[in-house]
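Remarks on the structure that follows.
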Amino acid sequence: MFKYKNGNYDVELLEDGTKIRTIPDGVAMMPIFPESLDIKITNKCNAGCAYCHEDSVPEGLHGDLHRALDLLKDLPSGVELAIGGGNPLEHPDLQWFIDSLKELGLVPNMTVNAMHFDESVFAYGCYGIGISYNKFYHNKIKEHYRENCVIHLIAGYHTVEDLERCAKDFKKILILGHKNIGRAIKFNKSNNEDILGSMKDWYRRIGDFFNKDGVIIAFDNLGLLQLNLKRFFTTERWS
């Protein structure tokens with residue numbers, strides 16, 4: 001779908017979201033620009049998640065997307081952008097922003113809460129859709145889920161049972177570490193014992209989900225750290 005050079009290595013982005021980096025043997029990667037950026041376009045959201053690290057609220061403010069586009073316009077074609085919030089669907093300039101990014105050759109993706117996820121989300125034309133999971137909306141997600149969707153679970157807040165349920169019904173899952181900023185600070189203090197118990201369960205059982213047929217499970221850096229996934233690999237394999 002996209003090919004470009006970043007510093008001293010080549011990048012290829014495939015239709016299914018796979019990214020391939022080709023690096024000369026024995027040479028360290030030396031990128032000169034980011035390949036992916038998170039873009040928070042609004043702080044407005046009515047989901048009311050108690051652990052929201054963004055502190056998003058129903059009366060939250062929208063970002064200036066014309067200024068955002070001006071900051072992004074010099075990025076090379078093929079760079080990915082993860083559009084989020086708040087609830088990005090609330091922003092009145094969302095469609096214009098996505099169309100403008102695509103005209104620049106950039107790759108807009110979007111993350112929405114399960115509460116706001118339905119068929120209308122695909123009309124915006126993003127390449128990938130992240131869905132912040134809520135078990136109460138599982139059947140709704142299942143009804144509208146497509147190949148370009150990724151389920152987001154937060155280790156410690158979501159349970160291993162949530163992961164088990166998602167691994168049966170969805171092909172792509174991203175496991176995030178739980179943060180300690182925004183409303184999450186108060187939530188973490190109030191639910192400390194439950195979170196610790198959940199994390200012990202995640203720590204003990206996460207290896208069971210490696211090599212699940214037909215399921216891709218990925219992690220953010222905080223998730224890798226909190227679950228200490230390095231313990232499953234040799235030093236060479238981890239590198």
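The values are calculated or read from the model by the stated rules, or taken from the named source; none is laboratory data. No experiment lies behind these values; they were computed from the predicted model shown. FYI the Cβ positions are ideal-geometry reconstructions off the backbone, even for glycines, and counts take in every protein chain you see. Remember, those area values only see protein heavy atoms, side chains included, never the ligands or the DNA or RNA. Shrake-Rupley method; radii C 1.70, N 1.55, O 1.52, S 1.80 Å.
Dividing the Cα convex hull volume of the chain by residue count, how many Å³ per residue is that?
Considering the Cα atoms of the chain, their hull volume per residue is 138 Å³.
For Lys44, Lys142, write out the residues from largest to smallest accessible area, computed with a 1.4 angstrom probe and no ligands counted.
Sorted by accessible area, descending: Lys142, Lys44.
With N set to the residue count of the range 183-239, report its C-alpha Rg divided by 2.2 N^0.38 Å to two decimal places.
In units of the 2.2 N^0.38 Å rule of thumb, it is 1.36.
Could you tell me what percent of the accessible area of the chain is made up of carbon and sulfur, with a 1.4 Å probe and every protein chain present?
52
Determine the per residue accessible area of the chain with all protein chains present and a 1.4 angstrom probe, expressed in square angstrom.
Here the per-residue accessible area is 56 Å².
If packing is taken as the mean number of other Cβ atoms within 10 Å per residue, what is the order of 20-28, 108-116, 129-137, highest first?
108-116, 129-137, 20-28
Evaluate Rg over Rh across the range 1-49, taking Cα atoms for both radii and Kirkwood's formula for Rh.
Expressed as Rg/Rh, it is 1.20.
Per residue, how big is the convex hull of the range 14-99 when only Cα atoms are used? Give it in Å³.
148
Expressed in nm to one decimal, what extension gain is obtained for the pair Leu222 and Glu161 from 0.36 nm per residue of sequence separation less their Cα-Cα distance?
Result for the pair: 19.9 nm of gain on full extension.
For the range 132-239, count the residues as N, evaluate 2.2 N^0.38 Å, and divide the Cα radius of gyration by that value, please.
Dividing the Cα radius of gyration by 2.2 N^0.38 Å gives 1.10.
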